[in-house]
Amino acid sequence: MAGTRQTTSVPMDNAAVVDAKPLRTLTPMFPAALGLHTFTAKENSSSIVCITPFGPYAGGTEQAMPASIPPMFASPAAPADPNQRQPYAVHLNGAAPANGTANNTGAIPDLQIAVAGTVESAKRKRGRPKRVQDSSVPSAHLVPSAPGGNITAVQTPPSATTDESGKKKRGRPKRVQDVPVLSTPSAPQVDSTVFQTPASAVNESVTRKRGRPRRVQDGADTSAPPIQSKYNEPVLQTPSAVTLPEDGKRKRGRPKRVPDGALIPLSHSGVSIDDDSGEIITGKRGRPRKIDVNLLNLPSLFSDDPRESVDNVLMMFDALRRRLMQLDEVKQGAKQQHNLKAGSIMMSAELRANKNKRIGEVPGVEVGDMFYFRIEMCLVGLNSQSMSGIDYMSAKFGNEEDPVAISIVSAGVYENTEDDPDVLVYTGQGMSGKDDQKLERGNLALERSLHRGNQIRVVRSVRDLTCPTGKIYIYDGLYKIREAWVEKGKTGFNVFKHKLLREPGQPDGIAVWKKTEKWRENPSSRDHVILRDISYGAESKPVCLVNEVDDEKGPSHFNYTTKLNYRNSLSSMRKMQGCNCASVCLPGDNNCSCTHRNAGDLPYSASGILVSRMPMLYECNDSCTCSHNCRNRVVQKGSQIHFEVFKTGDRGWGLRSWDPIRAGTFICEYAGEVIDRNSIIGEDDYIFETPSSEQNLRWNYAPELLGEPSLSDSSETPKQLPIIISAKRTGNIARFMNHSCSPNVFWQPVLYDHGDEGYPHIAFFAIKHIPPMTELTYDYGQSQGNVQLGINSGCRKSKNCLCWSRKCRGSFG
C-alpha cells in the first residue's frame, strides 16, 4: 500500500461523492486552528476538518497551498445559524481495515475516512533531515473530551515517527514548537474514551531540548501529560539530582529545572530542604548513603537542654569540616566546599536540631549567636534556606491558612538599610537587575506576614575577611514588619521594600557588633575604662581594663608577663627533635618529623585553626629548619585577639574579647610561674593544675562518619600532668578566666621549646564560635582529694560555683 496512492469515496448526507486524495493536495478554504485545516467538498455540502499529516508536508506548505496562508490560525468562530451543520472531526490514527472503515473507537456518525499511513515510502534522502520551522504543526490524535463535544489533539513528537520499514529516521530529531491546541466547535456526542500515547512519544509541555532523549523509568505512568497553558498550573517535578530511577542509575543530560517553590538546593552538595515540611534531602550522585547512627560509636548529641543540643550539633559539624579540610590538604586535590560536605554528612546521619519549621524563637538558639556558614543555620533550624534569604511556611490563623515568612537573612546581596540596630529595611528577593520583582514565594510570604503580624527571625551579617565566606552571620532576634512598599531600585526595576522593627525586651545582637567595631577602630571611644592597656605593651594588642559595675579601680597588683617561667633553665631540659623542612611544613610530607609526632597530620589548618584536640601537641621548635611562618608555629607566636578585662557582677574580674572568636582559635597561654606543690603558702586563687577528672568533652570529629576506625577518649583528653602554674604574682590575661561547668574554652598541652612532656605549655582554644563581649571561661575541674594524689586536696580549694549554667555541678576546685 505504501507504493500507491489511494483514493477513497466518502458517503455524504446529500449523496454527493468527494474524491479524498492525499491530504497534502487539498487547499484550506478558511482558517483552522493548530493545523486542523477545514476543507469544503462542494458547494452547500458538509465541511470536513482534517489533520495535517506529519512529515515534510506538514502544514500544507509544500504543494498547492498558497505561501500567504500560514499553517496555524485562530480558531474559527461558531456559525451564526444554529441549524447549520458543524464541521466533523476525523481521527486519523493508524491505517484502515480492508473494509474501508477507520480503526477509531471515537468514530463519528455519518463520516468515516480511511488513511493508509502518515509517511510515504518514497526514498529517503540521506544526511540530516530538514529542520521543521517553528510554525510547523506536529501530528496529533483527536481525543474526545468529556460530554461537551470538544475534541483535544494530543501531539506526537517527530522523534517517534518512523518510516514504514520500522526504522527510525537518522539525525537530530526535528524541533516542534509547543502550541496550545484549540478545541473545535461543538460536535456531536462521541464516546469519551481517552486515547493514550506512550510517554516516550509525547511532547512535553515545554519545547524539548535537543540531544539524547530522556530515559523513561520502568513502570512509569505512560499516560499523555496534560496540555499546558497559561490557565493551568504546571505540575511540580522533583529534580533529577534527588529522584532516581529504580535501578539507581542517574539520568544523563542536563538536570531538570527545579520549579519555584519546590525544593531549594543547598548549592552543589546535593542537599535540599523541603519548604513545607522542613525535611532535608541529601544526595550528590546516586542515592545518598543513609547513615544509621545507632550502629556508630557516637556520643549523644541531644539532651534535655536544647542549648546543649544545638552546641553539640554545631561542634560536630565544625569538627567534621576541619577534618575534611585537613584530608583535602593532604591529597592536594581540587579545593572543595568542606562546609557543604560536612553538612551533607550531618543531614544523612540525622544529626541536626529543630527539624520542624516554626514561627518565633528556636529552642537552643540565642540572640547574638554567630555562624560562619549558612548550612550551620540549617542544621539548628534557624533558617532552612541555603541560598535564598527568605524562609517561609504555611501557617493557620484561625480557619484560614497563609504562607508567612518565619526567618530572613540580610546577607548584603540586596539594597538593605541596616544603619539602625533596631530597624531593618529589607529588600525582597528576585532578579531585580533583570526584571521587576514578583509577588511570589518569599515576597508573597513577607506580604502576608505584614497582614498577619507574625514574628520573624532576623539574621544579619557583617564583613570578616579572615573567614572563607568573607562574612559572619549574627542572629539578631525577633522582628515584625510594620510597612511595605514598591520602589525603583538602582537598576531601574521595581523592588519590594519591607520595614521591620525589632521586638523590645531582647538582648543586644547586632548592636554589640557595631559597638566593638567602633572600639577596635578607636580604643579611646570605649567608656568606663580604668586602664587602656593592662599589659603595658606586652600583648600584640592593648588590653583594656573596664569596670561598669562598681567603683573598684582594678585587681590586685601583679607583674604582667606572657612567658612561662620554669624553676630550671630551659637549657637543662630535654631538647626536642627538629624537622628538616626547607621552608614550611607541608601537609602529607612523610619526611617531616613534626608531622609524625602529631599522629601523622599537621595539627593546624592554614589559617591557624586547631583541627583536633590531642593528648600532647608538638609545634615546630628552634631545632627545626622551617621558617617562622610555618603553620605549625601558633602558640609560640602569642595571642592575636583584642581582649578586655572587665568586672563581673559576682565573680570578680573576668575576660572577654572585642573580636569574634572562631571554634579552634588559639586564645592565649596560661603564663606564670611553674611551682612545686609543697611551696604553696596560703590561698592561691590563680593556680592552674590539670584536673584529675575533667568533665567529658567530645570536641573532635566522629571518625565513624567518615568511615575511619573509632578512636578512644584517651586520644582526645589530655592526661593528668605534674605541672602546676601560679599566676598570683606574675601572669597574663589567662589569670582572669573564670570557671564554668559549661565552658567555651578548653586547655591543650603544647611543647615547642623543650621536650619534657610533664611540663608543657598550657594553651587555651575556643570550643565553639564565641561572639564579641562574651565572657571566656574554662572548666577548672573537680579535685578527687587523696584518692589519686595521696594528699588532702588539690592546690585550689573547693568553692561554690556561680556559673549559673544549666549543667552547673554546684562546686569546683
Heavy-atom accessible area per residue - segment 384-521, 1.4 Å, Å² | 48
Potential extension, R358-E440 segment - 0.36 nm per residue separation minus Cα distance | 27.5 nm
FRET E, pair E757, S805, Förster distance 41 Å, beta-carbon r, rounded to 0.05 | 0.80
Please label the shape of segment 371-417 as rounded, prolate or oblate, based on the square roots a ≥ b ≥ c of the eigenvalues of the alpha-carbon gyration tensor (a/c under 1.5 means rounded; beyond that, a/b larger than b/c means prolate, else oblate).
-> oblate
Working from the alpha-carbon coordinates of segment 399-530, get Rg over Rh, Rh being the Kirkwood radius.
-> 1.03
Pop a pseudo-label 7 angstrom from the Cα along the beta-carbon direction at both E503 and D422 and give the gap in nm to one decimal.
-> 1.6
Length added when fully stretched, N629-K480, from 0.36 nm per residue minus Cα-Cα = 48.7 nm
Over 29 Å between alpha carbons, listed pairs K541/K647; K335/K471; K471/K541; K355/K799; K647/K719 | K355/K799; K647/K719
Have a look at Q429, W485, W513 and report the one farthest towards the positive end of the charge dipole of segment 384-521, computed about the Cα centre with Cβ charges (Lys/Arg +1, Asp/Glu -1).
-> W513
Where the Cα atoms of segment 556-633 are projected onto their three principal axes, how long is each span, largest first, in whole Å?
-> 48, 28, 24
Rounded to the nearest 0.05, what FRET efficiency do D685 and F397 have when you use their Cβ-Cβ distance and R0 = 41 Å?
-> 0.10
What trypsin sites (Lys or Arg not before Pro) does segment 410-451 have in DSSP loop regions with at most 10 other beta carbons within 10 Å?
-> K434
Theoretical FRET efficiency, 1/(1+(r/R0)^6), r = Cβ-Cβ of R567 and S798, R0 25 Å, to 0.05 = 0.40
The long-range amide H neighbours of C585, using H built 1.01 Å from N in the peptide plane and a cut-off of under 5 Å, are R631, N632
Carbon plus sulfur, as percent of the 1.4 Å-probe accessible area of segment 384-521, comes to 49
Would you mind calculating the relative contact order of segment 384-521 from Cα pairs under 8 angstrom and at least 6 residues apart, reporting the percent as a whole number?
-> 23
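The values are calculated or read from the model by the stated rules, or taken from the named source; none is laboratory data. Because the structure is predicted, anything quoted here is derived from the model rather than measured. When we count neighbours, we look across all protein chains shown, and the Cβ atoms used for this are built from the backbone with ideal geometry, even at glycine. SASA here: full protein model, heavy atoms, side chains in, ligands and nucleic acids out. Shrake-Rupley method; radii C 1.70, N 1.55, O 1.52, S 1.80 Å.
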